[in-house]
Amino acid sequence: MLPMNYAILKLFADGKTYDADKVMVELKPKYANFRAFKKPSIVESLMAAEKNGLLEQASFDLDDLDELHVYYRATDYGKDMINQYIR
């Protein structure tokens, strides 16, 4: 099994967009028991990947509870790096 941060990045290799909630839904079957499997940790991982040029913000919106959802997608550079280094 991949380290959780790698699994997060691997989700984006297909070019789809995800927010932290969607990442958690996708990874829950394998990573729900990880200590870092909490929304703040997922958001931190996404923001770090953005800062390193692997992801970029695709869109954002507010839900009915006024919670901000930031959607990310892999950059071209990010897709290349993810596919090259994460198997």
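The values are calculated or read from the model by the stated rules, or taken from the named source; none is laboratory data. What you see is a predicted model; the values in this text were computed from it and never measured. Neighbour counts run over all protein chains shown; Cβ positions are idealised from the backbone, glycine included. The area values use the complete protein model at the heavy-atom level, side chains included, leaving out ligands, DNA and RNA. Shrake-Rupley method; radii C 1.70, N 1.55, O 1.52, S 1.80 Å.
Tyr71 falls short on exactly one of the conditions (1) touching a helix residue (DSSP H, G or I) at 6+ places or on another chain (Cβ under 9 Å); (2) of a type outside the set (Lys, Arg); (3) without any contact (Cβ under 8 Å) to a residue 24 or more places away in the chain, and that condition is (3). Once segment 27-51 is narrowed to residues that are in a helix (DSSP H, G or I) and either modelled with pLDDT under 95 or of a type in the set (D, E, K, R) (or both), the residue that is surrounded by the fewest Cβ atoms within 10 Å (Cβ to Cβ) is Lys51. Determine whether segment 10-26 contains at least one residue that is in contact (Cβ under 8 Å) with a residue 40 or more places away in the chain, surrounded by 11 or more Cβ atoms within 10 Å (Cβ to Cβ), of a type in the set (A, V, I, L, M) and not in a loop (DSSP other than H, G, I, E, B). Among the residues of segment 10-26, at least one is in contact (Cβ under 8 Å) with a residue 40 or more places away in the chain, surrounded by 11 or more Cβ atoms within 10 Å (Cβ to Cβ), of a type in the set (A, V, I, L, M) and not in a loop (DSSP other than H, G, I, E, B), which makes the answer yes.
The set of residues from segment 69-86 being assigned to a helix (DSSP H, G or I) and of a type in the set (S, T, N, Q) comprises Asn83, Gln84. Reported count of residues in segment 52-66, each being open to solvent by 80 Å² or more (accessible area, probe 1.4 Å) and over 15 Å from the mean Cα position of the chain (by Cα), is 4. Pairs meeting the criteria (first residue in segment 30-56 and at positive phi and in contact (Cβ under 8 Å) with a residue 24 or more places away in the chain, second residue open to solvent by 50 Å² or more (accessible area, probe 1.4 Å) and among the aromatic types (Phe, Trp, Tyr), beta carbons under 9 Å, at least 6 apart or on different chains) are Gly53/Tyr77.
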